[in-house]
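Enquirer: Can you read through this structure? Questions will come right after.
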Amino acid sequence: QVQLVESGGGLVQPGGSLRLSCTASENIFNFNAMAWYRQAPGKEREFVAHITVGSSTNYAGSVKGRFTISRDNAENTVYLQMNSLKPEDTAVYYCNARTLQRHYWGQGTQVTVSS
């Protein structure tokens, strides 16, 4: 069973930065892509960013230019660097890994942007 463990969430002031980490229990080359999603209270889960096995990236329009997704294959870890954070970025952030057959999810990490 694949396990994804997120860390790095917390409380930050508007304009601040956080870096989220997602470490997989197996080699991340096994996945076609890894991604970050988020879910704010009362809203549906939404796509934030993804990175493919070939390191191509894609971002939601709301975070483009502020967030950067990256991967460290040796550590089986994917990162989400979040800069210029806004209150509307407040959400639980989930790591996702996918193959052709399945999606796997982490347990989520809370990010709160507030003064």
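Enquirer: May I ask you to give the percent of accessible area on the chain that is carbon plus sulfur, with a probe radius of 1.4 Å? Numbers along the way, then the final one.
Expert: Working: 2650 of 5950 Å².
Result for the chain: 45 percent of the exposed heavy-atom area is carbon or sulfur.
Enquirer: Follow-up question, since we're still on this one. What whole-number value in Å² describes the accessible area per residue of the chain for a 1.4 Å probe? Write down the numbers at each step before the final one.
Expert: On the way: 5950 Å² over 115 residues.
Value returned for the chain: 52 Å² of accessible area per residue.
Enquirer: Ok, one more. Using only the C-alpha atoms of the chain, find the volume of their convex hull and express it per residue in Å³.
Expert: Per residue, the Cα convex hull of the chain comes to 95 Å³.
Enquirer: Here's another thing I want to ask about it. What does DSSP give for the chain in terms of the percent of beta bridges that are antiparallel, rounded to the nearest 5?
Expert: Once the DSSP bridges in the chain are tallied, antiparallel ones form about 95 percent.
Enquirer: Related question: Among A60, C22, V92, which residue has its Cα positioned farthest towards the positive end of the charge dipole of segment 9-115, with +1 placed on the Cβ of Lys and Arg, -1 on the Cβ of Asp and Glu, and the dipole taken about the Cα centre?
Expert: Looking along the dipole axis, the top candidate is A60.
Enquirer: Once the convex hull of the C-alpha atoms of segment 70-115 is built, how many Å³ does it hold per residue, rounded to a whole number?
Expert: 104
Enquirer: Once the mean 1/r over all distinct Cα pairs of segment 44-84 is inverted, what Kirkwood radius in angstroms do you read off?
Expert: In segment 44-84 this quantity evaluates to 10.9 Å.
Enquirer: With +1 on each Lys and Arg Cβ and -1 on each Asp and Glu Cβ, how big is the dipole of the chain about its Cα centre, in debye rounded to the nearest 20?
Expert: Computed charge dipole of the chain: roughly 200 debye.
The values are calculated or read from the model by the stated rules, or taken from the named source; none is laboratory data. Predicted, not measured: the structure shown is a model, and the values here were computed from it. Cβ coordinates were reconstructed from backbone atoms using ideal geometry, including for glycine residues, and neighbour counts include every protein chain displayed. These accessible areas exclude ligands, DNA and RNA; they are computed on the full protein's heavy atoms, side chains included. Shrake-Rupley method; radii C 1.70, N 1.55, O 1.52, S 1.80 Å.
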